[in-house]
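Contents: one structure, followed by commentary.
The values are calculated or read from the model by the stated rules, or taken from the named source; none is laboratory data. Values in this document were obtained by computation on a predicted structure and should not be read as measured data. Don't worry about glycine lacking a Cβ; one is built from the backbone with ideal geometry, like all the others, and counts go over all protein chains shown.
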Amino acid sequence: GAVVSQHPSWVICKSGTSVKIECRSLDFQATTMFWYRQFPKQSLMLMATSNEGSKATYEQGVEKDKFLINHASLTLSTLTVTSAHPEDSSFYICSAMREPGEKLFFGSGTQLSVL
Amino acid sequence: RKEVEQDPGPFNVPEGATVAFNCTYSNSASQSFFWYRQDCRKEPKLLMSVYSSGNEDGRFTAQLNRASQYISLLIRDSKLSDSATYLCVAYNNDMRFGAGTRLTVKP
């Protein structure tokens, strides 16, 4: 089946630093990638929808200057958390869609801890 | 109002029980629907897609009611391994997840 690779799996960083998370679709071209955030015992919250070659569409309340999303190719999307703060500590997970309306393939997630 | 709403539970059932989850969606233009399960600190895994005619996969049955805008998941003969959070999803240009329903199956 389709595989989505997400790296790193976990990262600990100091407050004020930037962290980049990569999401790759390994054996298919993803028309759309989605980025989610999940706090402990809470639901997956959609942060942004990313289409290759165009600007990401951010959900209300998600700062686009803080969470930079780049979708440079059909197999790679990156999320950069800029100037991370402790309140950004969360589980970030990407997913890819091969065709509109098809099921999502998820990366394994990145646990970010900001000290 | 959230776009996809679920009863958060928790549902605590004994092994062998039948349990049903419901989920409502607010966007009538939603085109595709899915049920995912998520184990703690893991990525969601697709359980099944939901079709208008209803569909079954082993012990799992999914139903879609477009008129009332809800989808359901029925689990028969619950197993301990079914313990997880079940997420319903509606697609309309993006994938919206419900908050999830926590199920615990006990011996």
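Just a few scattered comments:
- Candidate set from region A:94-115 (those that are part of a strand (DSSP E or B) and closer than 18 Å to residue B:50 by Cα); member that is modelled with the highest pLDDT: A:105
- Selected residue [within 14 Å of residue A:23 (Cα to Cα), more than 7 Å from every other protein chain (Cβ to nearest Cβ), out of contact with any Phe, Trp or Tyr (no Cβ under 9 Å at 6 or more places or on another chain) and hydroxyl-bearing (Ser, Thr, Tyr)] from A:78, A:110: A:78
- Residue B:64 vs. criteria under 14 Å from the mean Cα position of the chain (by Cα) and farther than 28 Å from residue A:51 by Cα: yes
- Qualifying residue in region B:46-65 (condition: within 14 Å of chain A (Cβ to nearest Cβ), in a strand (DSSP E or B), closer than 18 Å to residue B:98 by Cα and without any contact (Cβ under 8 Å) to a residue 12 or more places away in the chain): no
- Output for region A:70-93, where each listed residue is within 16 Å of residue A:114 (Cβ to Cβ) and either assigned to a strand (DSSP E or B) or without any contact (Cβ under 8 Å) to a residue 40 or more places away in the chain (or both): A:79, A:80, A:81, A:87, A:88, A:89, A:90, A:91, A:92
- Scanning region A:7-49 for residues that are within 13 Å of residue A:88 (Cα to Cα) and among the β-branched types (Val, Ile, Thr) yields A:11, A:12, A:17, A:19.
- Residue match in region B:70-84 (condition: surrounded by fewer than 21 Cβ atoms within 10 Å (Cβ to Cβ), in a strand (DSSP E or B) and among the aliphatic types (A, V, I, L, M)): yes
- For region B:30-45, the set of residues classified as of a type in the set (Lys, Arg) and within 9 Å of chain A (Cβ to nearest Cβ) consists of B:41, B:42, B:45, listed by residue number.
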